[in-house]
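The values are calculated or read from the model by the stated rules, or taken from the named source; none is laboratory data. Everything numeric here is computed off the predicted structure, so don't read it as measured data. Reconstructed Cβ throughout: ideal geometry from the backbone, glycine too, with neighbour counts over all protein chains shown. For accessibility, only protein heavy atoms count, side chains too; no ligands or nucleic acids. Shrake-Rupley method; radii C 1.70, N 1.55, O 1.52, S 1.80 Å.
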Amino acid sequence: MESAQRKDGLGRRVVITGMAGFSPIGHDWAAIRDRLERMQTGVQHMPNWDEYEGLNTRLGAPVQDFALPRHYTRRVLRSMGRGAQMATRATELALTDAGLLDHPLLTSGDLGIAYGSSAGEPDAVADFGNMLLNKSTDGLNANSYIRMMAHTAAVNIGVYFGIRGRIHTTSSACTSGSQGIGYAYEAIRFGRQKAMVAGGCEELSASEAAVFDTLFATSTRNDAPHTSPRPFDAKRDGLVVGEGAGTLILEDLEHALARGAPIYAELLGFGTNSDGRHVTQPDAQMMEQAIRMALTDAQLSPEQIGYVSAHGTATNLGDIAESQATHAVFGGKTPISAMKSFTGHTLGACGALEAWAAIEMARDGRFHACANLDEVDPACAALDYITGESRSIDCQYVMSNNFAFGGINTSLVLGRWD
């Protein structure tokens, strides 16, 4: 039987027993894998954004055909915006995948939540903005704040499933999902919980696009949505905002084995830090440090990592700094690609969706290429970028990196479970 203790003796081993999500390129791994293989992105022209004067980008990556089953009643939904709905349904599917839906563990206090998003429902934010602008509470109701608050997904998940363990609410922009996974890992590793619901979500809105548009960081290839974003490419012109939700079920190895749970991967290492220097200008040295922290935590050398899932936003400074940090640790030998080239930047959801994809690709032995990467920017470090088509790689360990506004850096090390 597998030992439930880590080799370094510092806590419990943590495994992933359930995964599910919604993305701009599919609602399950089979659909997502098909789009990745066909190099078909989820980026679209958003004609309804034409009404916003001054907004330069018209590109977005929405989740298509999202619908809830009938047991999500009006009473349940009144406190949920679209992001919380996707998060709750993704969690339901992940719990089912793990064999934990309706399990006594849910309400025991031994299962908690670590889930994040950049913000709550944009329409609810607008309702409060209307109050401040027009001096009227018209449009506000008892659930307006619940839908608006940044931790709306975590709270709605907890209430819907009756979860009584700890809640970490990670609202750290682009690292909301990956920090959620990392903090869930630490809660189990150090014996505070037996299992955790972890991940992140985000709802697509013109207001989210405007955040980056005001920084001249969005793509304006409005007439050719299939050609953007272009992470690490010499002709990249900025990011595309997307949406989605991803949920991973993390569990103490001993508990998972005792109940005969399916095990997809082991979470071996987590590193996170902050630049402490600038809100929007990334620091390659601190990115590198976060990556090394995750490797140290996992007790692995850089040479043992077979693939790196890049943050890859397709912004000018971000791609350069990330590539330099990655090269400083791995040199130019480790294959790397960016899922955001297919999904756009799903903000709070990206860390969870990208970790999920990295795990599934390690299980398949097939790793997606970076869409629209035709010519690597000479200012980016010389890495082994996967281009053109997916690549077959047999590897035990993969890394997923994310970097956020505020100089927040995260790195996750995941091991395929054989």
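Observations on the structure shown:
- Report summary: the helix-based calculation at 222 nm, which adds -39500 (n - 2.57) for every DSSP H run with n ≥ 4 and divides by the residues of the chain, gives -9500 deg cm²/dmol.
- The lysines within cross-link reach of Lys333, meaning a Cα-to-Cα straight distance under 28 Å and a gap of 8 or more places when in the same chain, are Lys7, Lys235.
- Kyte-Doolittle mean at least 0.0, axial Cα span of 20 Å or more - DSSP H helices of the chain: 284-298, 316-330, 350-364
- Restricting the calculation to Cα atoms, the chain yields a radius of gyration followed by a Dmax of 20.1, 65 Å.
- Restricting the stretch 342-392 to GluC sites (Glu not before Pro) in coil, as DSSP defines it, with at most 14 other Cβ within 10 Å: Glu375, Glu389
- Of the peptides 145-154, 309-318, 15-24, 215-224, the order by per-residue mean of other Cβ atoms within 10 Å, starting with the highest, comes out as 15-24, 309-318, 145-154, 215-224.
- Accessible surface of the stretch 289-396 [probe 1.4 Å, protein heavy atoms]: carbon and sulfur percent: 46
- Around Lys333: net Lys/Arg minus Asp/Glu count, Cβ-Cβ under 14 Å: -1
- Relative packing of peptides 201-213, 129-141, 327-339, 96-108 - highest average C-beta neighbours within 10 Å first: 201-213, 327-339, 96-108, 129-141
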